[in-house]
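Q: Quick one: the structure is below, questions incoming.
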Number of protein chains: 4
Amino acid sequence: MTPTRPPLTTLPRDLLSAADYERLAPDFILPATWAWLAGGSGDERCLRESRAAFQRWRIVNRVLQDLAGGHTRVAVTGRTLAHPFLLAPVAAQKILHPEGEVAAARGAAATDGVLVLSTLSSLPLEDVAAAAPEALRWFQLYFQPQREVTLDLLRRAEAAGYAALVVTLDAPVQPASRRALAAGFVMPPEGRPGSLARYAPPPRRELGADDSVVFQGLMAEAPTWADLEWLLAQTVLPVLVKGVAHPDDVRRLRALGVAGFVVSAHGGRALDELPAPLDLLPAVRAAAGADALVLLDGGVRSGADAFKALALGANAVVVGRPAAQALAVAGALGVAHLLRCLREELEVVMALAGCATLADITRDALWRDRAGEDTSC
Amino acid sequence: MTPTRPPLTTLPRDLLSAADYERLAPDFILPATWAWLAGGSGDERCLRESRAAFQRWRIVNRVLQDLAGGHTRVAVTGRTLAHPFLLAPVAAQKILHPEGEVAAARGAAATDGVLVLSTLSSLPLEDVAAAAPEALRWFQLYFQPQREVTLDLLRRAEAAGYAALVVTLDAPVQPASRRALAAGFVMPPEGRPGSLARYAPPPRRELGADDSVVFQGLMAEAPTWADLEWLLAQTVLPVLVKGVAHPDDVRRLRALGVAGFVVSAHGGRALDELPAPLDLLPAVRAAAGADALVLLDGGVRSGADAFKALALGANAVVVGRPAAQALAVAGALGVAHLLRCLREELEVVMALAGCATLADITRDALWRDRAGEDTSC
Amino acid sequence: MTPTRPPLTTLPRDLLSAADYERLAPDFILPATWAWLAGGSGDERCLRESRAAFQRWRIVNRVLQDLAGGHTRVAVTGRTLAHPFLLAPVAAQKILHPEGEVAAARGAAATDGVLVLSTLSSLPLEDVAAAAPEALRWFQLYFQPQREVTLDLLRRAEAAGYAALVVTLDAPVQPASRRALAAGFVMPPEGRPGSLARYAPPPRRELGADDSVVFQGLMAEAPTWADLEWLLAQTVLPVLVKGVAHPDDVRRLRALGVAGFVVSAHGGRALDELPAPLDLLPAVRAAAGADALVLLDGGVRSGADAFKALALGANAVVVGRPAAQALAVAGALGVAHLLRCLREELEVVMALAGCATLADITRDALWRDRAGEDTSC
Amino acid sequence: MTPTRPPLTTLPRDLLSAADYERLAPDFILPATWAWLAGGSGDERCLRESRAAFQRWRIVNRVLQDLAGGHTRVAVTGRTLAHPFLLAPVAAQKILHPEGEVAAARGAAATDGVLVLSTLSSLPLEDVAAAAPEALRWFQLYFQPQREVTLDLLRRAEAAGYAALVVTLDAPVQPASRRALAAGFVMPPEGRPGSLARYAPPPRRELGADDSVVFQGLMAEAPTWADLEWLLAQTVLPVLVKGVAHPDDVRRLRALGVAGFVVSAHGGRALDELPAPLDLLPAVRAAAGADALVLLDGGVRSGADAFKALALGANAVVVGRPAAQALAVAGALGVAHLLRCLREELEVVMALAGCATLADITRDALWRDRAGEDTSC
């Protein structure tokens, strides 16, 4: 097995951006684990398109604005965050770094970043809670086959002081990553979900001869509208939902009292046919209304990307693979540094675009890159 | 000559999709035969575009639907099929597998799939009929130069219990496949059309010095509107027509009592300038009306492809090269397995798109991939 | 110097299309001459785009039409030609084949094709006239710096029985072909313009210190509207003009009595920034009116290309490089064979598109290939 | 260190265009300096798009125009220039050629070209002034952190007889060029700004713990609307502003009395997300009004490029990298020759497009290249 480098404890001078972490990360991660982290489902078109969508927009500069009082603060679920970058819920982070989600939480806290802890975190949610102040820890919840388990997870997250709930709705059936399969990835023991260790596995469902593995099997355990309504009735925490794309779904969820939406294609790990999250963003914002919280997850690699997402309707953005890579390269230090880089990049773009605050970032600042189209007359 | 592998009798674990059969098939097929099977006419642009057309669409997921009662059943010419995948009429299947169309029919029957038997099948239509239940065998008819031969073929198909007729109209003049020519492909004896063996060849037409080989030669034997009207008067079987692209033709055929349409570019083997079938599909559906049966033939390689075809107006899809490849790789077993893979892929996509039945698959589920176009404002 | 093969006297079986002649031709032509023939001006974008424009259109097939009486005849300047393919005026054809334009004329005549003889033909126009019947020879005229020379050329063409005049207007200043320069091409003695040998060169124009080589030099000798009006008054031959792109120019020329237009980018040898001729064609036809003769020159390599040009407004098409290549490969035999191939390809496309005559080829038969555009709803 | 060739003193015959200078220049420039000159910020997308934007347009030829009196003269800030090519303000030109900006000024003057001298020129503005006639020297001004320094620079430019002022507004925060960083570029001593040598550096600004390096650091020293209004009140020279993209900024600046605009993306050295200058040009012209002077800077490499810029609204164009490359290759001789080549190329394009003067170059001469779009019906 290829040996990997131990995480860095000081940062080299040429480590300046998410792209640099992506370049270095394979030295710090086992090849099969890298395939699991980097790959997507199917032909990885969704994964590629999620990045490419950002390239369809360019930014128009503004001149002579007085920006001496500028800042990147944003109000989210009643609190003010210093900047609009959150860490995405990534499973099993102990296979990326020995301290796993605790290191991620410390790194995020050091630069005022929110960590969204995955249901599938390798460390139990209670252990991670101690590593970050309350306002900076959110909990991502997967519905479990048994309601009592789902409820117990919720109660534990509340007890541990998580400030918001992100309920993932887009992956009741998850296709395989061919890249991970080909690399022979098997989840190592240290990557098992720490928060779920105490629960017995659900009883195995028996299928009839004519039953479909999909419809009568997997989907029979998937959450429904009734399940979500039940969940909303159980908690006073603000609830965001993740993976909602269709405006009709957005409107119905909003009417049920959902606080916000994470526009996401599950990092290109769900249906490979999904549109790029950035492409969906404007329609989700339009359906959600101006008061809803809308986060963009998918393809954000720079401050300019975040600027575009905000201009197209997001309040903030969620960063997945870059944070996982920074965690592997340099632990909490890497995560903190990555967030600082992203924030400074955003500040530079805002400065050149004449925006003193996030509220100044509007659709008017973007220019649609239309190869072969006449935009002038 | 390169030896080929004998057909598999058990399926390896990494054989999971049409793409896998396409990857393996060249080991089981002689190179010249592979060139004949894989190639198209001209520069093969139609062949490539038929696939590329699917990539212009992406699928929007839906959340929280209760799909426990979901299924893929579809009503076609008065019968209910378990799923919407049919096997295309591919000629000369004994050059792909020793049991030829009989193996294909058995494989289709094992997974509730319809086989459309070609006029040019290597085995006589009567032999193949025994291998599949009546509802699952259709007959593809080429007009023959002599009406009595055409009529005899029809009567034999009726007598053998074929449930529907697919009349191919798009290839009165067929260009060569440069790939097959270059590979030196000559139809082997076992590939000769078994159903036609009993008929004497038509008298050779003499051309005058100023006559065109095309207009006064080949086209003088091609069927006309009068021929089709005559045919429709001869049978009570439902008649579908294959290879119709122009809405005016669709409307006229519908008015004559044609039951349905197979939107097809003849697998990229006819005019290389033809548009991709999927691109033509919406206009054909619009011209055919909601009650007509519309099948899509061309480029379907996955359940997601089928989902897109259904969303754009098809009732079902026809699978050509993938089935031929599965037949070569593993005979009836391969064909049955391929159909099962396609059906499960479709179920997964339906589940993620919130569709419990095929009727739930509508244009609303698709997202047009517009590189360089502004879809947000 | 690389030896070249002598022209073929029999045609191999795999010589079936213009593409085949293009593939073989470099064996029969000196490298520097090939660079001169194949190259274009600037970056050769116009050259490439002239071909690519055809790929933006696909052809919709029609079914069941009775085409037994089909033909490709076309009425042009009061005569009926057997098919719509003309040979473009290519200079200096003795450097391609020892018999030069005489071989080209014989090959064209053998298959009812019109040869448009260049002012810059290596053989004198009188010598070439004998090789083709009157209806099949046209003369391309460049305005000469002295009117008396232009008039003398016209009178000689009339006396030699040329049936129509094609006046080239697009190249008063001609940029260099970098490909020909790099290959060290210098016009060999046998390529010198035979029809012009009898005229003394015009007096050299002296420029002042502030004069522009372009405006006060080259353009001072270029023809003007007055020159063209003068020319039209000198002859009763039908006059077509070549290289006109702008609708305003087309209308003004039409009002002056010009019979027709050859839409052309001078084979990609004039301004490299010119649009593809096929792209310009519809607007030229619209400006010229239904009665004008409109020929398309540029990028035609197949019968399908001709079909598209006719569907977009041309009465006939002009073939340049393919004919020059066929001449080099097999002299008159090659030219005749190429024209027969093109005509048969056109017939096949017409048959599949349900067109019995050229008049049946309309815009309705074309499908615009719109990558990334929604054509369905 | 790779030795470089000394500047040429005679020009080889195959040196015919800006592309030729670009090809030769790396032999005359140290690798790290070449990286600094050739590179852009970020991923260099803006740099590439600035070139690609020209390829989206083609030029329609016109015929039979009488152009014997044609010329390329243009009225700019009350003077008539012989042609519409200006040299862009490039910093530190002594690192490209021993005589630096003086050689550039002499070359420009020899062919009636305006040199826009950079604030960051290696030679003091007074030294350069002597090398060019007054009408052909303009001064580019960066606002300095201290108003008294800005004012002193202005007074010196006025005293030295510079005819116009170009105030750069687009780069208050400048990202790094990764290409220059990777090549280890450090500004050599001879490249230091000669005009600024006499001024003490501004006091270093102290930042608080919560202060942003961008907002409270760099941007606190960037010029504001008040600074620009102050500047306009200090001088009677015509003032152009460079780097303005948004129509609202253009209108506000015009209302303040700004004479003109240089549409520019700072050579791809500012925000890499900026649109191509040519794409922005029509909107800037529309906002600036017909009377404003509008110059296009970015991607001009040929006379055809200049033609397109003028057709889309520019009065003249600014040439950066090509002039720097010509300076390195052959000093004043190279710069003069480059300008002559560009002018002659423009004349050829004008001749083929039937334009006798720059005023004849209008949008009507352009054809939008729309891959995949239907322009015919």
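Q: Can you pull the one-decimal nm distance between simple spin-label points at B:Arg23 and C:Leu181, each 7 Å off the Cα toward Cβ?
A: For the pair B:Arg23/C:Leu181, the computed spacing is 5.1 nm.
Q: Please name whichever of A:Leu151, D:Ala183, D:Leu37 sits farthest to the positive end of the charge dipole of the protein assembly as shown, dipole taken about the Cα centre and charges placed at Cβ: Lys and Arg +1, Asp and Glu -1.
A: Ranked along the dipole, the leading option is D:Ala183.
Q: Ok, one more. Place the label 7 angstrom along Cα→C-beta at C:Gly161 and in each other copy, then list the distances from the first to the rest in nm, shortest first.
A: In ascending order, 7.6, 7.6, 10.7 nm.
Q: Just to be sure I understand: of the beta bridges DSSP finds with both ends in the protein assembly as shown, what percent are antiparallel, rounded to 5? Please report the intermediate quantities before stating the final value.
A: Values: 24 of 128 bridges.
Antiparallel bridges make up about 20 percent of those DSSP assigns within the protein assembly as shown.
Q: Quote the convex hull volume per residue of the stretch B:223-377, based on C-alpha atoms, as a whole number of Å³.
A: Working: hull volume 25.9 nm³, N = 155.
It is 167 Å³ per residue.
Q: Please report how far the C-alpha centroid of the stretch D:84-128 lies from that of the stretch A:4-18, rounded to the nearest whole angstrom.
A: 43
Q: Also, quick follow-up: For the pairing of chain B with chain A, what total accessible surface becomes buried, with a 1.4 angstrom probe, in square angstrom to the nearest 100? Write out the running numbers ahead of the final one.
A: Details: alone 17230 and 17270 Å², together 31070 Å².
So the total buried area for this chain pair works out to about 3400 Å².
Q: Within chain C, what whole-number % of the accessible surface is contributed by carbon and sulfur, with the 1.4 Å probe and all protein chains included in the calculation? Display every interim value, and only then the final one.
A: Working: 7250 of 13830 Å².
Its accessible area is 52 percent carbon and sulfur atoms.
Q: How far is B:Glu206 from itself in the other copies, in nm, if each label sits 7 Å out from Cα along the Cα-Cβ line, shortest first?
A: 8.0, 8.0, 11.3
Q: Same structure again: Quick one: which bits of the stretch A:148-188 get at least 40 Å² less accessible when the partner protein chains are in, versus the chain alone, with a 1.4 Å probe?
A: A:Leu169, A:Val173
Q: Please check the stretch D:54-94 for residues whose accessible area, probe 1.4 Å, is lower by 50 Å² or more when all protein chains are in place than in their chain alone.
A: Residues losing area: D:Arg58, D:Ile59, D:Asn61, D:Arg62, D:Val63, D:Leu64, D:Ala68.
Q: Okay, moving on. Over the alpha carbons of the stretch C:253-321, what is the largest minus smallest coordinate on each principal axis, giving the biggest first in Å?
A: 31, 27, 17
Q: Express in whole angstrom the spacing between the alpha-carbon centres of the stretch A:193-239 and the stretch B:253-307.
A: Centre-to-centre distance over Cα atoms comes out at 40 Å.
Q: Could I ask something else about it? Please report, in cubic angstrom per residue, the volume enclosed by the convex hull of the alpha-carbon atoms of the stretch D:118-203.
A: Working: hull volume 11.1 nm³, N = 86.
Considering the Cα atoms of the stretch D:118-203, their hull volume per residue is 129 Å³.
Q: Report the convex hull volume per residue for chain A, counting only C-alpha atoms, in Å³.
A: Looking at chain A, the number lands at 164 Å³ per residue.
Q: Taking the simple approach of a point 7 Å from Cα along Cα-to-Cβ for both A:Ala82 and A:Asp210, what is their distance in nm?
A: Spacing of the two 7 Å Cα→Cβ label points: 6.3 nm.
Q: When the Karplus curve 6.51 cos²θ - 1.76 cosθ + 1.60 is applied with θ = phi - 60°, which whole-Hz ³J(HN,Hα) does each residue of the stretch B:344-356 get, with x for Gly and Pro?
A: 5, 4, 4, 4, 4, 5, 4, 4, 6, 8, x, 10, 7
Q: For an R0 of 51 angstrom, estimate the FRET efficiency from the Cβ-Cβ distance between B:Ala68 and D:Ala200 and round to the nearest 0.05. Walk me through the intermediate numbers first.
A: On the way: r = 79 Å, r/R0 = 1.54.
For B:Ala68 and D:Ala200, the calculated efficiency is 0.05.
Q: Label position 7 Å from Cα toward Cβ: report the copy-to-copy distances for C:Pro12 in nm, one decimal, ordered from shortest.
A: Ordered by distance, the counterparts are at 3.9, 3.9, 5.6 nm.
Q: Considering every residue in B:342-352, what mean count of other chain Cβ atoms within 10 Å of its Cβ is obtained? Could the numbers behind the result be given before it?
A: Details: counts 0, 2, 3, 2, 1, 8, 10, 6, 5, 9, 13.
Whole-number average of other-chain Cβ neighbours for B:342-352 is 5.
Q: Where does the Debye-calculated log10 I(q)/I(0) of the protein assembly as shown sit at q = 0.05, 0.07 Å⁻¹, using only Cα point scatterers of equal weight, no solvent?
A: Once normalised to I(0) and log-transformed, intensities are -0.50, -0.97.
Q: Projected area of the stretch D:99-242, taken from the Cα convex hull and averaged over every viewing direction, in nm²? Mind dumping the intermediate values first?
A: Values: hull surface 41.5 nm².
Mean projected area for the stretch D:99-242: 10.4 nm², to one decimal.
Q: Another one. Accessible area per residue of chain C at 1.4 Å probe, in Å²?
A: Details: 13830 Å² over 377 residues.
Heavy-atom accessible area per residue stands at 37 Å².
Q: Same structure, new question: Report the local net charge at C:Gln216: Lys and Arg +1, Asp and Glu -1, summed over other residues whose C-beta lies under 9 Å from its C-beta.
A: Working: positive: C:Arg205; negative: C:Asp210, C:Asp211.
Net charge around C:Gln216: -1.
Q: For a quick check, take a GNM of chain D with Cα springs below 10 Å and name the residue from D:Val90, D:Val348, D:Val63 with the largest mean-square fluctuation.
A: Evaluated over chain D, the most mobile residue of the options is D:Val63.
Q: Any lysines with Cα under 22 Å of the D:Lys242 Cα? List them, leaving off those in the same chain fewer than 8 positions away.
A: D:Lys308
Q: Using a 1.4 angstrom probe on protein heavy atoms only, which residues from the stretch D:207-222 are buried by at least 30 Å² of accessible area when all chains are present rather than their own chain alone?
A: Buried on complex formation: D:Val214, D:Phe215, D:Gln216, D:Met219.
Q: Between C:Thr224 and A:Ala226, how many nm apart are label points set 7 Å from Cα along the C-beta direction?
A: According to this spin-label approximation, the distance is 9.0 nm.
The values are calculated or read from the model by the stated rules, or taken from the named source; none is laboratory data. Everything numeric here is computed off the predicted structure, so don't read it as measured data. A quick note on method: Cβ atoms are made from the backbone with ideal geometry, for glycine too, and the neighbour counts reach across all protein chains shown. The accessibility values were calculated without ligands, DNA or RNA, using every heavy atom of the protein model including side chains. Shrake-Rupley method; radii C 1.70, N 1.55, O 1.52, S 1.80 Å.
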